[in-house]
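Report on one structure; see the data block that follows.
The values are calculated or read from the model by the stated rules, or taken from the named source; none is laboratory data. Just so it is clear, the structure is predicted and the values come from calculations on it, not from any experiment. Heads up, the Cβs are rebuilt from the backbone with ideal geometry, glycines too, and the neighbour counts pull from every protein chain shown.
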Amino acid sequence: MKILGVIPSRYASSRFPGKPLVDIHGKTMIQRVYEQALQSSSLDELVVATDDQRIFDEVMRFGGKAMMTSPDHNNGTERSAEVARIKDGFDYIINIQGDEPQIHPDQITILANMLNGDVELATLVKPITDYEELDDPGEMKVIFNQQNEAIYFSRTCIPYLRDIQKVDRLKAHNYYKHIGIYAYRDDILQQIVKLPQSTLEMAESLEQLRWIENGYKIQLGFTNLESRMIDTPADLAKLLNEIHS
């Protein structure tokens, strides 16, 4: 399988404008994401997809690959699809989040190893071990069938344990959260970006529900590695206190 890694990156952000270019101990966030992803031997090519000249110039500065894409995309999936249309010949595209500077290369490799030509879409999940994560709407919970295909993603705690107290939920059931890295088979990627928003997607504000609602299968891989998203300046401040270089 020939795999293209795409890091969608945009400058505008309601919560944290310009975050791809913030300094993290001497390196911009986008450089750290790129260098982490580059360590995975599973990618045949890696490119940053952006609509901002400042981000493009920064990627060129540190020696990475970048492409200018349309400013009209609603999300990273649409931006990845544009790159895939231009860079023909790849079997799969892996969408790597541009705001996860500590993404582990092994997470990319785990996902890539799942891609056999039959898999339409794939992503990763991680066991939940912290009670606070169960009720955190920023952590996407997921349930799946016996074939490890996603049934549903939610910002709420699923499944609901009717007769179990909150403090005992993790003892009574294995819960999983979504790690936001996606793999798309090239033909499937071009199909899903043409789908209209679905009712479930709008309800939860989760685009992967559009795919499920339209009958596409999302294969799940499992990891114990954490991947933290930097969504706000407060998230960045916490990260800066934890790492030194």
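Pick out, from the stretch 125-223, the strands (runs of 3 or more DSSP E) lying fully within it that include 2 or more residues that are at pLDDT below 95. Can you show your working first?
On the way: elements: 141-144, 150-154, 176-185, 218-222.
Passing ranges, in order: 176-185.
For the criterion of being closer than 22 Å to THR223 by Cα and either in contact (Cβ under 8 Å) with a residue 12 or more places away in the chain or crowded, with 22+ Cβ neighbours inside 10 Å (or both), SER42 passes.
Which one is farthest from ILE108 (Cα to Cα) among residues in the stretch 45-92 that are among the acidic types (Asp, Glu), without any contact (Cβ under 8 Å) to a residue 60 or more places away in the chain and assigned to a helix (DSSP H, G or I)? It comes out as ASP57. The one condition from (1) under 19 Å from the mean Cα position of the chain (by Cα); (2) over 28 Å from ASN116 (Cβ atoms); (3) not polar (S, T, N, Q) that LEU220 does not meet is (2).
Pairs are defined by a Cβ separation below 6 Å, a sequence spacing of at least 6 or placement on different chains, a first member in the stretch 194-216 that is closer than 15 Å to GLU149 by Cα and in contact (Cβ under 8 Å) with a residue 40 or more places away in the chain, and a second member that is surrounded by 15 or more Cβ atoms within 10 Å (Cβ to Cβ) and among the charged types (D, E, K, R); the pairs so defined are LEU209/GLU201; TYR216/GLU120. Does ALA112 meet the test of being modelled with pLDDT of 95 or more, of a type outside the set (Phe, Trp, Tyr) and either over 17 Å from the mean Cα position of the chain (by Cα) or more than 23 Å from LEU225 (Cβ to Cβ) (or both)? Taking the combined requirement at face value, the residue does not satisfy it.
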